Structure formats: structure tokens, C-alpha cells
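The values are calculated or read from the model by the stated rules, or taken from the named source; none is laboratory data. Note that this is a predicted model, so its numbers are computed, not measured. Don't worry about glycine lacking a Cβ; one is built from the backbone with ideal geometry, like all the others, and counts go over all protein chains shown. Remember, those area values only see protein heavy atoms, side chains included, never the ligands or the DNA or RNA. Shrake-Rupley method; radii C 1.70, N 1.55, O 1.52, S 1.80 Å.
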Amino acid sequence: MAEIKTIGILTSGGDAPGMNAAIRSVVRTGIYYGLKVMGIRKGYNGLINGDIFEMNLRTVSDILHRGGTILHTARSKEFATEAGVKKAVTISKMFGIDGIVVIGGDGSFRGARDLSNSGVPTIGIPGTIDNDIACTDYTIGFDTALNTVKDAIDKIRDTATSHERCSVIEVMGAQAGYIALYVGIANGAEAIIIPEKEFDFHRDIVKPIIEGKHRGKKHDIVIVAEGVGGAVEMAQKIQEETGIESRATVLGHIQRGGSPTVMDRVIASQMGAKAVELLKDGIGNRVIAMKNNKIVDFDIIEALDMTKTINEDMLELAKILSM
Ligand code: F6P
């Protein structure tokens with residue numbers, strides 16, 4: 001591989017808190033190693049359109065604590081085509097970019113793989129609130145989203161308790177139930193409904209609610225992952241079947257924003273530095289991951305082939321603790 005002197009950085013897919021911390025880390029580590037760092041705006045769209053500028057130490061001042069991404073983000077349809085990838089390679093050459101760091105989710109990694117295969121060494125950093133990337137135990141933004149959802153559910157619980165109601169809360173996560181599972185435990189939910197696990201309305205929702213009422217419970221929290229959906233209908237059905245007044249809340253995009261937690265800032269900083277170290281050593285086509293609390297890296301193609309399974313013990317624990 002040719003020597004890497006200039007690297008590009010972009011964020012792609014849904015924004016996640018901590019992306020800015022990762023950008024800052026890539027820029028400052030890159031400059032520390034004597035590399036030139038180019039910011040690419042609006043994800044792969046910016047790469048195709050040449051929306052690119054040189055970053056310096058001060059471009060990333062004052063962003064560590066900010067949610068979202070200063071580089072903006074997009075889900076690029078054009079980049080999903082062969083012509084789009086070709087254009088991106090031409091633009092990279094035009095700007096003298098020898099390697100690229102992509103911060104995003106699975107879809108963004110497929111783009112990173114295509115760029116690498118077309119001769120632009122690329123490194124993926126997992127950034128999504130969903131924590132649904134198979135090769136890594138952790139994705140940047142997950143902890144902040146969990147804390148945001150936890151705070152929101154604590155507030156909803158006050159109302160549910162005061163009115164002796166059941167609250168059905170729909171949380172994000174695309175086709176994965178990690179956010180639902182973690183806040184289900186953290187917020188003491190009576191039921192957690194996720195796409196990875198088949199559920200039976202009576203066995204998994206109505207029964208625990210009725211049994212809880214007999215044990216003296218004053219309210220119920222039911223967490224439904226977005227991948228299952230239907231929180232409003234579910235609340236209506238619960239009210240009909242149990243006689244308990246029920247309400248639905250769909251938390252929506254409040255879960256994506258906000259100042260990143262310490263965990264997200266630190267992991268993003270570590271992952272950003274690791275991505276630069278690989279490129280500086282002439283290594284591309286990798287994905288950064290966290291495995292057993294260590295920052296590691298995998299081949300992009302191998303990483304995309306991996307599958308992630310939900311922790312059944314956590315689901316079981318949630319059931320036991322909600323008695
Ligand atoms: O991947 C992050 C995420 O927030 C998912 O949880 C959700 O399914 C999706 O993005 C929503 O995307 P958009 O903001 O484009 O509606």
C-alpha cells in the first residue's frame with residue numbers, strides 16, 4: 001500500500017452522541033502523527049460532491065461535549081451504486097486523500113468496504129445508538145441514548161404511578177432490541193418486547209401485569225422496541241384486557257441527541273485514535289471494535305458477516321426482577 005499522508009473523515013447514517021468526540025480524536029491524532037486531515041461533509045454524499053475541507057487542531061475545539069456531528073451526516077443513495085463509488089474514488093484522488101475514516105453503522109461499513117475494494121483504504125468506526133453492529137460489544141452513542149431514555153422513562157413512571165396506569169414506551173433500535181433490553185432492566189419494566197424474541201401478548205404482557213396488580217403494584221412499564229412497534233395499539237389492547245388505564249409514548253428522536261456521556265466520549269476517543277494508527281501504518285479495510293473492554297480491529301468483510309445475538313440471561317433477569 002502507498003504511504004498515507006492525507007486522511008479523510010466522514011460521518012454517515014444516523015447521528016449518534018460521541019461522533020464529535022471521535023472526529024476530534026481522528027483529527028488530533030492524525031495531526032500528531034504528521035498527517036493532513038480532510039473533513040468530508042454530509043457522509044458519502046459530500047465525498048461524491050467534493051464537499052471537503054482541511055481540518056486543523058482548532059476546527060475540533062469545543063465539540064467534545066456536543067451531540068450530533070459537526071460534519072453532518074446522510075444516508076447516500078448515490079454511493080450505493082457502482083457509479084457513485086467510482087465518483088467517490090475520483091474525488092478522493094483529486095483532493096489527495098489516501099485513506100478514509102468512516103464513522104457510522106452497518107450500512108456505512110458496506111460503503112467503507114466498497115471504497116477499500118476500489119483502492120481507497122478505509123477504516124470503519126462503529127457509531128450508532130442501536131448497538132446493533134455484530135463485530136463489536138459497543139457502538140458509540142449507545143450509553144448516551146440509554147441514559148436519555150432512562151431519564152424519560154423515570155419521568156413517565158411518576159405519572160404512571162400517580163394515576164395507577166400502565167405506560168407502554170416505544171424506544172428506537174432499528175431491528176435490534178438492545179436499547180429496549182438495557183432500559184428495561186434499568187427502569188424496572190414489567191415487560192420488554194424486542195424483535196429478537198417472539199412474544200405472546202397474554203403470556204408476556206397481560207399475565208405479568210395482572211400478577212403484579214395482585215402483588216400490590218401501582219403502575220406498569222412495558223418497553224417495546226421500534227422493530228416490534230405498535231405501542232399505541234398495544235396500550236389500547238392492554239387497557240381492554242386488564243381494565244388498567246394505559247397510555248403509549250413513542251420517544252422518537254429525543255433518543256439520538258444530547259451531550260455524550262463519559263463512556264461515549266472516552267470510547268469514541270480511543271476508537272478514533274486506533275483508526276488513525278492503522279491508516280498511518282498503511283492498513284485499511286478494517287473495522288474498529290470493542291471486545292471484552294479492549295479496542296481491537298477486524299477485517300471489514302469478516303465483520304459484516306458476523307451475527308449478533310441478544311443476551312437471553314439479561315431478558316430472564318429482567319423478568320425475575322420485575323416481580
Ligand atoms: O440507527 C439509528 C436510528 O435512530 C434507529 O434507531 C432508527 O430506526 C433510525 O435511526 C431512524 O432513522 P431516521 O432518523 O432516518 O428516521
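Of note:
- The condition (being more than 16 Å from the ligand (Cβ to nearest atom), of a type in the set (D, E, K, R) and in the same structural domain as residue 178 (by TED's automatic domain parsing)) is satisfied by just one residue among 316, 245, 312, 277: 245.
- Output for segment 294-323, where each listed residue is outside any helix (DSSP H, G or I) and more than 30 Å from residue 190 (Cβ to Cβ): 294, 295, 296, 297, 298, 299, 306
- Filtering segment 215-240 to residues that are within 16 Å of the ligand (Cβ to nearest atom) and of a type outside the set (Val, Ile, Thr) leaves 225, 226, 227, 229, 230, 231.
- Residue in segment 131-140 that is surrounded by fewer than 19 Cβ atoms within 10 Å (Cβ to Cβ) and touching a residue at least 24 places away in the same chain (Cβ under 8 Å) present: yes
- Qualifying residue in segment 60-73 (condition: in a helix (DSSP H, G or I) and in the same structural domain as residue 123 (by TED's automatic domain parsing)): yes
- Residue among 88, 145, 83 that alone is open to solvent by 20 Å² or more (accessible area, probe 1.4 Å) and modelled with pLDDT of 95 or more: 83
- Failed item, numbered, when residue 42 is tested on (1) under 19 Å from the mean Cα position of the chain (by Cα); (2) farther than 28 Å from residue 258 by Cβ: (2)
- All positions within segment 161-173 that are surrounded by 24 or more Cβ atoms within 10 Å (Cβ to Cβ) and away from the ligand (no atom under 14 Å from the Cβ): 166, 167, 168, 169
- Criterion violated by residue 207 - all others in (1) touching a residue at least 12 places away in the same chain (Cβ under 8 Å); (2) open to solvent by 40 Å² or more (accessible area, probe 1.4 Å) satisfied: (1)
- Evaluation of residue 231 against (1) in the same structural domain as residue 154 (by TED's automatic domain parsing); (2) open to solvent by 50 Å² or more (accessible area, probe 1.4 Å); (3) in contact with a strand residue (DSSP E or B) (Cβ under 8 Å, 6 or more places away or on another chain) (one fails), failing number: (2)
- Segment 4-18: number of residues that are open to solvent by less than 10 Å² (accessible area, probe 1.4 Å) and within 12 Å of the ligand (Cβ to nearest atom): 3
- Residues satisfying the stated conditions in segment 250-269, i.e. surrounded by 19 or more Cβ atoms within 10 Å (Cβ to Cβ) and either away from the ligand (no atom under 14 Å from the Cβ) or more than 20 Å from residue 169 (Cβ to Cβ) (or both): 260, 261, 264, 265, 267, 268, 269
- Every pair of residues 6+ apart whose Cβ atoms lie under 8 Å, when the first sits in segment 234-255 and is touching a residue at least 24 places away in the same chain (Cβ under 8 Å) while the second is among the acidic types (Asp, Glu) and within 16 Å of the ligand (Cβ to nearest atom): 248/170; 249/170; 250/170; 251/170
- Looking across segment 19-43, just one residue is within 16 Å of the ligand (Cβ to nearest atom) and either in a loop (DSSP other than H, G, I, E, B) or surrounded by fewer than 24 Cβ atoms within 10 Å (Cβ to Cβ) (or both), and that is 42.
- Test set (1) open to solvent by 20 Å² or more (accessible area, probe 1.4 Å); (2) within 25 Å of the chain's Cα centre (by Cα) - residue 104 fails condition number: (1)
- Subset of segment 112-144 [away from the ligand (no atom under 15 Å from the Cβ) and assigned to a helix (DSSP H, G or I)]: 112, 113, 114, 115, 116, 117
- Which listed residue, of 176, 180, is in contact (Cβ under 8 Å) with a residue 24 or more places away in the chain, within 16 Å of the ligand (Cβ to nearest atom) and part of a helix (DSSP H, G or I): 180
- Evaluating residue 83 against the criteria (1) assigned to a helix (DSSP H, G or I); (2) in contact with a helix residue (DSSP H, G or I) (Cβ under 8 Å, 6 or more places away or on another chain) leaves one unmet condition, (2).
- Members of segment 96-111 that are touching a helix residue (DSSP H, G or I) at 6+ places or on another chain (Cβ under 9 Å) and either farther than 12 Å from residue 9 by Cβ or part of a loop (DSSP other than H, G, I, E, B) (or both): 97, 98, 106, 107, 108, 109, 110, 111
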